[in-house]
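Visitor: The structure follows.
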């Protein structure tokens, strides 16, 4: 049996590397192989023994987020292949959004294909099953998945990006009064009602200022999208 590295009590496993990568992302890092090796008390070569590249490691970390999403979905709706398809798709979208907002530093990598072929195949099978039970098949199902994914993952990435931008730049969003002043200078304040503009201004920061309302509006919009599929 190989010797343990100094400072370690167990042998390094791929799962530990992925988990530590996600932990470092959650701390605000975008870790290099050397940073990861230091955190795990191993040499970079020990990590390369399990992964061929940093890209594969990030894939494995993102895979952990998707496992979290699917686990939370199953806990809410039960067997996703048997539960109401609208509830399944709503739960997946909501839990994906929550997870990538929580793990916002790794969210820019959310679209990488999981290393686990079983997870990739299972995810597509889940979506295909749900869309068919909604009455959407073939090319129409592909179009529906595009609408669904663009809405769900786009809003998650938007919310995560706002957190990342504020953290990286240390800036605060301008308030409504400041924006109104800019509109007056640009002579566009008379093109719409102030109450409408104020409502739009509030929505820009809604995911941080009022996350419950943010989720409520997200689910409302998602349900409207899903219900529209049955009318196509």
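Visitor: Over the chain, what is the mean sequence separation of C-alpha contacts under 8 Å (at least six apart), divided by residue count, expressed as relative contact order in percent?
Guide: Here the relative contact order equals 18 percent.
Visitor: Using only Cα atoms, find the angle between the long axis of helix 138-169 and the longest principal axis of the chain, and express it within 0 to 90 degrees, rounded to the nearest 10.
Guide: 80
Visitor: Let me ask you something else. What angle do you read, to the nearest 10 degrees and between 0 and 90, between the alpha-carbon axis of helix 54-77 and the longest principal axis of the chain?
Guide: Tilt of helix 54-77: around 60 degrees.
Visitor: Which label marks the calculated value of Cα Rg over 2.2 N^0.38 Å, given the options [x] 0.97; [y] 1.24; [z] 1.13?
Guide: [y]
Visitor: If each of residue 182 and residue 48 carries a label point 7 Å out from its Cα toward its Cβ, how far apart are those two points in nm?
Guide: So the label points at residue 182 and residue 48 sit 4.7 nm apart.
Visitor: Under a 10 Å cutoff between Cα atoms, tell me which one of 40, 182, 70 has the largest fluctuation in the Gaussian network model of the chain.
Guide: The residue with the greatest mean-square fluctuation here is 182.
Visitor: Using only Cα atoms, find the angle between the long axis of helix 14-26 and the longest principal axis of the chain, and express it within 0 to 90 degrees, rounded to the nearest 10.
Guide: That works out to roughly 40 degrees.
Visitor: For the chain, with a Gaussian network of springs between Cα atoms less than 10 Å apart, report the residue from 48, 151, 109 with the top mean-square fluctuation.
Guide: Ranking 48, 151, 109 by mean-square fluctuation puts 48 first.
Visitor: Using only DSSP helix segments of four residues or longer, with each worth -39500 (n - 2.57), what per-residue ellipticity at 222 nm results for the chain after dividing by its residue count and rounding to 500?
Guide: Here the helix-only value at 222 nm equals -23000 deg cm²/dmol.
Visitor: With springs only between Cα atoms under 10 Å, which of 115, 197, 34 fluctuates most in a Gaussian network model of the chain?
Guide: Largest GNM mean-square fluctuation: 197.
Visitor: So between residue 137 and residue 19, what do we pick up on full extension, going 0.36 nm a residue minus the alpha carbon distance?
Guide: Roughly 38.8 nm would be gained on extension.
Only the coordinates and a few stated rules stand behind these numbers; no lab work does. If you're wondering where the values come from, they're calculated on a predicted model, not measured in any experiment. Glycine also receives a Cβ, built like all others from the backbone with ideal geometry; neighbour counts cover every protein chain displayed.
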